[in-house]
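Enquirer: This is the structure I want to talk about, given as structure tokens.
The values are calculated or read from the model by the stated rules, or taken from the named source; none is laboratory data. Model, not experiment: these values are computed from the prediction. Positions of Cβ are backbone-derived with ideal geometry, glycine not excepted, and every protein chain shown enters the neighbour counts.
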Amino acid sequence: MTQDTLAQIHCPVCCTSSSHNLAVQPQDYEYDVDIAAQFSLCSCTSCGSEFVWPRPTLAQLQHMYPENYYAYDQEMGHFWQTLYDRRCRAEAKRLLKLTSRRPIRLFDVGAGDCRHFRAIGSIGGFEFSGVEMNKDMARAACDAGFDISDGTFEEYNPTERAGTVDILTMNHLIEHVIDPQAMLKKALTLLADGGVFYGRTPKLGSLGNRLFGRYWGGYHFPRHLHLFTKQSLDALLHDSGFRDVEIVEDLNLFPALSLQNLLLGKLGLPLTIDGGHTRLWTLLVAITAPLSIFDFLVRRGDCMIFIARK
Ligand SMILES: [Zn+2]
């Protein structure tokens, strides 16, 4: 990257222009999309966030997500589906505690195939809606009876639903949008007074981030367009107008992804990868489970949950 280009760089999280290109760049170990070569990762010396530069256009963004992207995969297998359903039901109980309103009008950004709505809905007390950029999945979700708008959250017009959402969720999504500040403003518009903004995102400065470096699973390069530290996310939420911001640890599988990236990228093991995972995936999860649990217990995990109110 030339000095001229570097001079124009500004951090999408705090908007300052004091950034530098990371000396060692991550790669797309999971999907190896061609378009990844057009981007690099910068670090903001002001807020500590890291971000992809140049910022992709919407058209470029769509090229970052191949047809076999894991969130589009319909089949999970019995074991993973059971774990997923249990996790969703635990999540439903957490969400029910965040507001006394019933039914809770929950709007999800990046609703995927709505499988989480089915699992959360089994607890009862929710009314679901959302937005999904994959047209086929959005159509299937509508056919299944869910109120899902087709397109990106960037394209979504919030006028009709403004001020009506009790809980707006962005699970592993805020790091994927081109302009996080604009997205938070739109989230604020959609939320009812006292409504809750809830989601998950990778956390820079975790033990995994330091241990695995460029192979860290949280990079998910180039699809994670910016990565927050706990402090930079807290500042962005406050600056965007949210109050009662709380950021807590989330138990996650990123160590397994980091180890997979290391095996592929550093050791060059000739493992076939499909849908972002090799056939060793379950084994890698088992091997790294103690690390996931340790990171969680010492509050240095790879992922954080944010909760903030309008
Ligand atoms: Zn910054």
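Enquirer: I want to confirm something. Restricting to the stretch 240-290 and keeping residues that are hydroxyl-bearing (Ser, Thr, Tyr) and either assigned to a helix (DSSP H, G or I) or at pLDDT 95 or above (or both), which single residue is surrounded by the fewest Cβ atoms within 10 Å (Cβ to Cβ)? Before you say what the answer is, go through the steps one by one.
Expert: Here is the first cut: in the stretch 240-290, the ones hydroxyl-bearing (Ser, Thr, Tyr) are 240, 258, 272, 278, 282, 288.
In the following step, the residues that additionally are either assigned to a helix (DSSP H, G or I) or at pLDDT 95 or above (or both) were identified as 240, 258, 282, 288.
Details: Ser240: 18, Ser258: 26, Thr282: 13, Thr288: 21.
Here the residue is Thr282.
Enquirer: Okay, moving on. Would you confirm whether or not the stretch 178-194 contains a residue that is farther than 28 Å from Ile9 by Cβ, over 21 Å from the mean Cα position of the chain (by Cα) and buried (at least 17 other Cβ atoms within 10 Å of the Cβ)? Spell out how you get there, then give the answer.
Expert: Kept after step one, since they are farther than 28 Å from Ile9 by Cβ, are these residues of the stretch 178-194: 189-194.
Subsequent filtering for residues that are over 21 Å from the mean Cα position of the chain (by Cα) retains 192-194.
Among the residues that remain, those that are also buried (at least 17 other Cβ atoms within 10 Å of the Cβ) are: 192.
The answer is yes; a qualifying residue exists.
Enquirer: Continuing with the same structure: Check the stretch 291-303 and report whether any residue there is in contact with a strand residue (DSSP E or B) (Cβ under 6 Å, 6 or more places away or on another chain), among the hydrophobic types (A, V, I, L, M, F, W, C), modelled with pLDDT of 95 or more and outside any helix (DSSP H, G or I).
Expert: yes
Enquirer: So, one more: Given the conditions (1) among the β-branched types (Val, Ile, Thr); (2) surrounded by fewer than 20 Cβ atoms within 10 Å (Cβ to Cβ); (3) farther than 22 Å from Pro222 by Cβ, which single one is not true for Ile148?
Expert: It is condition (2) that Ile148 fails.
Enquirer: Considering only the stretch 9-56, state which residues are of a type in the set (S, T, N, Q) and either buried (at least 18 other Cβ atoms within 10 Å of the Cβ) or in a strand (DSSP E or B) (or both).
Expert: Residues satisfying the conditions are Ser19, Asn21, Ser40, Ser43, Ser49.
Enquirer: Scan the stretch 125-158 residue by residue and report those that are hydrophobic (A, V, I, L, M, F, W, C) and either farther than 23 Å from Gln60 by Cα or at pLDDT 90 or above (or both).
Expert: Matches in the stretch 125-158: Phe126, Phe128, Val131, Ala138, Ala140, Ala141, Cys142, Ala144, Phe146, Ile148, Phe153.
Enquirer: How many residues are within 14 Å of the ligand (Cβ to nearest atom) and under 19 Å from the mean Cα position of the chain (by Cα) when one looks only at the stretch 15-67?
Expert: Matching residues across the stretch 15-67 total 10.
Enquirer: Right, Lys266: among the charged types (D, E, K, R) and within 17 Å of the chain's Cα centre (by Cα) or not?
Expert: Spelling it out, it is not the case that Lys266 is among the charged types (D, E, K, R) and within 17 Å of the chain's Cα centre (by Cα).
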